[in-house]
Every structure is written in C-alpha cells, then in structure tokens.
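Scroll down for the structure; my scribbles are underneath it.
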Amino acid sequence: MSTPKEWVASFPGVPPAFVNDLFSDFSEQVEGWYVHDWEKVGLKAGKIAEAIYSILEGVSSGSFQAQPFKPANFVSACTQLEKNTTLSRSLRIQIPRVLIGIYELRNNRSVGHVGSPVRPNALDGEYFFRASKWALCETSRALCEALGKSGDGNFYLSVNMSELPLIWDNDGIVRVLRPGLTAGEKTLVVLAHLNQWVSVDRLRINVEYSNPTDYKRKVLRGLHDKKLIEYDEKNARAIALPPGLRRARELHD
C-alpha cells in the first residue's frame, strides 16, 4: 500500500517510515469502522497513538528513531513532553493528552466488554476513530505551523471528512439511503454493515428487491462469481468477503 503524496507533504520533517505507518494503520482503522469491527478500530488507535508519540518525541529531541516505537511507560513518556517549552502547546500538551486518553481506553477497556447490560463497544470505537482523526490532523497542522510549511488540503479533507449516513438501521430493518445504487451495490452495503451471515430473505427485503428468483440468480450469484460475497445456496444465506467489504467502503465515500 503506497502512501499518498498529500500525507507525506502534510508531515514535514517526519521520516517516511513514520508517515507510512500512520497511513497504513489509519486505512485499516477506517475499514474496521465501516464494518463495526470495534476491536480492530481500537487496536489501530493504539498503533496510531504510538506512531504519533514517536513523531512528537523525535521533534522534541531533535532526532528520530529508525521507526515508530512504544515507550516503556506511555503515560509518563507523554507527560515528559510537557517539559520541552520550545514546542508549541499543541505539540507538548494537547496532542499528548489526547494520546493518553486513547491509550487508557485501548489498554484498560479494549472494546472487549462482556457481561455488561449496556455494552459500550460501539461508543469506545467511535471515540477511538474520532480521536485518531483529530490527533492525525492536529499533529500535521502543528508541525506545519512550527516549520512555516503548508500541509496539503486534500490530507485534511480525506482524514477528517464527515461520513455519509448511507445506512438506516432500526428494529431489524436496514435501508440504504443513497438513490441510484444497483441492487448488487445495496446488497454489499447491507452485508458490510451487518458483517455476518444474513438470510437471503432478509437481504432481499432490506434492499427492496421484489423478485426472489431473480435476486438469487442475478444479484447474489453475480456477486458470488465476482468473489465479493460468499453465497451459500444450500442454507439460503450470504456474507461479505474482504473484496466486498472494500467495495462497500468505497460506496460510502
């Protein structure tokens, strides 16, 4: 996976290996967010926090490590940055404190809750996603400001974009809200949203396809042949495959 030029331009003075890690981890976090894989979102938030800390430490010390790293005591390491008063308040206090918040929830809640009447996995996942976006954009902005450089506007737009409300999900009924999508595209979006085996009848109702025979023969079989979904005809069910998940994510943009 190659790192877009707008990412490289938006982190002036930062070694390419660090920017590559940020882009790779954020891309995987976005994929996890779209399919509600909250554990993946949290894992990648921790990786992003470590990479951003490594950048801040390199800026503070004047020398970057060979690659991003995890300090022995993350909270203490972030707090130590506050002592370097040559850095802007954003670089030494505000960004590190957000990173500490991400790391605290990632390590001590880890979006893996069981036995709770109200499971906060989705809430944690949303926090990780938004906080990671803020930390990425603010680190870029603060570095550019410190060096008198201009970041690439496309970087900020792509990272901090508002997600289109493509799905409505209520009481077992799912609707795809964007007009003009094909039945196959709607099916991929619904399967990616649910991220599990779904009965053919439920799928057909959710994408509002009237003819059951044509839906199975034309839509599901077509998606299966393209390796976008696994269509289990015997048990009348389907699930999105990784290429289908990626295509569904693209439809959100």
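The values are calculated or read from the model by the stated rules, or taken from the named source; none is laboratory data. A quick note: this is a predicted structure, and the numbers were derived from the prediction, not measured. With ideal geometry, Cβ positions are generated from the backbone for all residues, glycine too; neighbour counts draw on all protein chains shown. These area figures cover heavy atoms from the full protein model, side chains too; ligands, DNA and RNA do not enter into them. Shrake-Rupley method; radii C 1.70, N 1.55, O 1.52, S 1.80 Å.
What to note about this one:
- The charge dipole of segment 1-124, taken about the Cα centre with unit charges on the Cβ atoms of Lys, Arg (+1) and Asp, Glu (-1), comes to about 320 debye, rounded to the nearest 20.
- Residue-count net charge about residue 47 - beta-carbon cut-off 12 Å; Lys, Arg +1, Asp, Glu -1: 0
- When every Cα-Cα distance of segment 189-253 is counted in 10 angstrom steps from zero, the calculated P(r) takes the values 23, 60, 17, 0 percent.
- Converting phi to 3J(HN,Hα) with the Karplus coefficients 6.51, -1.76 and 1.60 and the offset θ = phi - 60°, segment 132-138 yields 5, 4, 4, 4, 4, 5, 5 Hz in sequence order, with x at every glycine or proline.
- Given charges at Cβ of Lys, Arg, Asp, Glu: the chain dipole, positive-most of 36, 72, 58: 36
- Remark: spin-label model distance residue 214-residue 196 equals 3.1 nm, labels positioned 7 Å along the Cα→Cβ axis.
- CD proxy at 222 nm, helix term only [per DSSP H run n ≥ 4: -39500 (n - 2.57); per residue of the chain; nearest 500]: -17000 deg cm²/dmol
- Gain in span if fully extended, residue 97 to residue 205, counting 0.36 nm per residue against the direct Cα distance: 34.2 nm
- Globularity ratio of segment 1-73, using Cα Rg and 2.2 N^0.38 Å: 1.14
- Computed from the C-alpha gyration tensor, the three semi-axes of the ellipsoid equivalent to the chain are 41, 19, 14 Å, from longest to shortest.
- Coarse-grained scattering of segment 140-216 at q = 0.13, 0.16, 0.18, 0.20 Å⁻¹, given as base-10 log I(q)/I(0) from a Debye sum over alpha-carbon atoms: -0.54, -0.65, -0.74, -0.86
- Applying both filters, DSSP loop and at most 15 other Cβ atoms within 10 Å, to the GluC sites (Glu not before Pro) of segment 126-215 gives 163, 208.
- Evaluated at q = 0.18, 0.20 Å⁻¹, the base-10 log of the normalised Debye intensity for segment 113-253, with identical point scatterers placed on the Cα atoms, takes the values -1.03, -1.15.
- Overall, the accessible surface of segment 5-52 at a probe of 1.4 angstrom is composed of carbon and sulfur to the extent of 51 percent.
- Angle between the chain longest axis and helix 183-194 axis [Cα atoms, degrees, rounded to 10]: 60
- Spin-label pair residue 173/residue 39, simplified geometry with 7 Å Cα→Cβ offset, distance in nm: 3.3
- Loop trypsin sites (Lys or Arg not before Pro), segment 201-253, which have at most 11 other Cβ atoms in a 10 Å radius of their Cβ (DSSP): 227, 234
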